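Input: a single structure, listed below in structure tokens.
The values are calculated or read from the model by the stated rules, or taken from the named source; none is laboratory data. Because the structure is predicted, anything quoted here is derived from the model rather than measured. Cβ placement follows ideal geometry from the backbone for every residue including glycine, while neighbour counts extend to all protein chains displayed.
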Amino acid sequence: MQILRLSKRIALKTFVGIFLFISFLAFSADRTVTVRPADGDYTTLQGAILGEVAANADLTSDNGSGSAGILHFKIEGDWSGGADTTAVVVNGFTDSADYYPHIYTDSANRAEAASWNTSKYILAVTDLSCLVITDNYVRVDGLQVNIIYSSSANRWGIYAGSLAAGNDIRISSNRVRGTVNAAANGRGIGTDGSNAIIKIWNNIVYECDSRGIFIDAGTTVDIFNNTVYLIPNNAIETDVTATIKNNLSFRNADDFQDDAGDSTISFNASDNDDDSGADNVDGNEIDADWTTDIAGAATGNFELLLGTPLIGAAAVDPGGGLYSDDIDGTARGVAWDVSAHEFVSGEPPAEKDVIVPIIMQQLNQFNGGTMLAISLVVNMAFIVVLVLMFRRLRRVRPFKDIEEMEAYCEVERLLEGQWEGR
């Protein structure tokens with residue numbers, strides 16, 4: 001009878017969980033629009049921004065076009081025919097921490113550590129900043145961005161500014177490059193918004209003629225696991241207090257410039273240890289391009305090589321669950337690597353090094369993990385009910401054969417935490 005009552009309680013909780021899950025779906029209407037050279041919703045990223053602002057600018061409430069939700073701008077398709085050359089300004093949305101514009105590429109167009117790939121999506125803009133963010137909650141992930149400039153005016157690859165208090169800007173896993181021009185003033189990624197709360201991780205920034213990552217103003221700044229190369233000024237410069245960890249800076253005029261004087265700078269690597277901070281990491285550094293540490297910086301390959309001291313030398317999870325992979329989408333291991341790339345040997349990773357980061361990433365990805373968390377609870381409740389039924393059957397009749405007895409023992413070991421997955 002006790003088992004029956006317990007089963008009823010579990011069934012009731014399971015029903016409630018399913019009801020909440022369905023209710024959540026009903027009141028959260030995330031949308032995805034596609035950006036493709038042809039046959040998509042839009043043919044340029046800027047066209048998509050303008051079109052969606054006109055159609056449903058308020059992402060936080062129902063404007064008659066659907067319930068509040070995240071607006072995904074998914075860049076996909078074959079871009080080998082040419083780059084997207086229209087400057088992008090993300091402005092005009094009413095957004096929040098839960099409902100925001102999310103710009104990203106599919107797996108076929110994702111920026112990668114190994115190369116600058118002209119068959120993938122490239123945002124290449126001449127004499128204008130490439131992607132400007134003035135809305136308060138925006139995420140940009142996986143783009144190739146090329147700043148092409150001929151003048152001395154400031155031009156940015158990805159820039160955030162004019163932000164209201166309480167914002168959240170996230171820039172991750174992009175490749176941003178400049179066009180070498182000594183008279184120009186190209187900057188890779190950064191902000192000069194005094195209210196900026198910005199997180200920058202897993203990016204590769206190179207060949208910009210002013211600075212790689214530049215924080216001219218802001219309130220909360222996190223800069224993690226970026227690779228910055230061939231900058232004739234400061235690789236990473238911040239004029240405000242920032243947390244700067246796990247970054248690789250080499251062949252730059254200067255590495256880490258902390259004008260605020262009180263930033264947390266640690267577990268970084270540079271070729272001259274210029275302000276690389278506490279617990280800084282030394283590479284092999286046999287030459288300017290670190291050819292025994294990096295696969296081929298001169299040709300655009302920023303993958304780590306076997307044997308570099310950068311492997312396993314970084315601070316683990318500096319963002320407290322913000323991310324768990326590298327620029328390629330590869331799960332970072334138990335010991336994290338310095339730079340945007342995580343070295344993967346020929347041996348398959350341990351199961352826990354793959355499964356745990358994937359679960360954590362999914363939990364953090366959708367509304368704080370609400371959907372997946374409810375789903376996991378429902379699944380666990382069903383498992384408990386099945387196990388209780390199995391045990392009850394065991395008590396009312398003997399085993400039929402040796403296989404059934406072994407199966408029962410396997411379940412008992414699972415419940416006791418002794419299962420080895422044989």
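Scanning the range 267-292 for residues that are in contact with a Gly (Cβ under 8 Å, 6 or more places away or on another chain), under 23 Å from Val316 (Cα atoms) and surrounded by 19 or more Cβ atoms within 10 Å (Cβ to Cβ) returns Phe267, Asn268, Ala269, Asp271.
Among the residues making up the range 134-162, those that are more than 16 Å from Ile122 (Cβ to Cβ), out of contact with any Ser or Thr (no Cβ under 7 Å at 6 or more places or on another chain) and aliphatic (A, V, I, L, M) are Val138, Ala153.
Scanning the range 188-202 for residues that are out of contact with any strand residue (DSSP E or B) (no Cβ under 6 Å at 6 or more places or on another chain) and among the polar types (S, T, N, Q), we see that the one that is surrounded by the most Cβ atoms within 10 Å (Cβ to Cβ) is Asn195. Scanning the range 244-290 for residues that are out of contact with any helix residue (DSSP H, G or I) (no Cβ under 6 Å at 6 or more places or on another chain) and assigned to a loop (DSSP other than H, G, I, E, B) yields a count of 29. Pairing each residue of the range 245-265 that is closer than 16 Å to Asp216 by Cα with any residue that is among the basic types (Lys, Arg) and surrounded by 22 or more Cβ atoms within 10 Å (Cβ to Cβ), provided the two are 6+ apart or on different chains, yields C-beta distances under 9 Å for Gln257/Arg211. Is it the case that some residue within the range 168-175 is over 18 Å from the mean Cα position of the chain (by Cα) and at pLDDT 95 or above? No, the range 168-175 contains no residue that is over 18 Å from the mean Cα position of the chain (by Cα) and at pLDDT 95 or above. Mind listing whichever residues of the range 293-321 are without any contact (Cβ under 8 Å) to a residue 60 or more places away in the chain, closer than 17 Å to Asn225 by Cα and either surrounded by 14 or more Cβ atoms within 10 Å (Cβ to Cβ) or not β-branched (Val, Ile, Thr) (or both)? Scanning the range 293-321 gives Asp293, Ile294, Leu304, Leu305, Thr308, Pro309, Ile311, Gly312, Ala313, Asp317, Gly320, Gly321. For the range 69-187, no strands (runs of 3 or more DSSP E) sit wholly inside it while including 3 or more residues that are hydrophobic (A, V, I, L, M, F, W, C), out of contact with any strand residue (DSSP E or B) (no Cβ under 9 Å at 6 or more places or on another chain) and touching a residue at least 24 places away in the same chain (Cβ under 8 Å).
Can you tell me which of Arg187, Arg251 is basic (Lys, Arg) and within 23 Å of Asn301 (Cβ to Cβ)?
Just one listed residue meets the conditions, Arg251.
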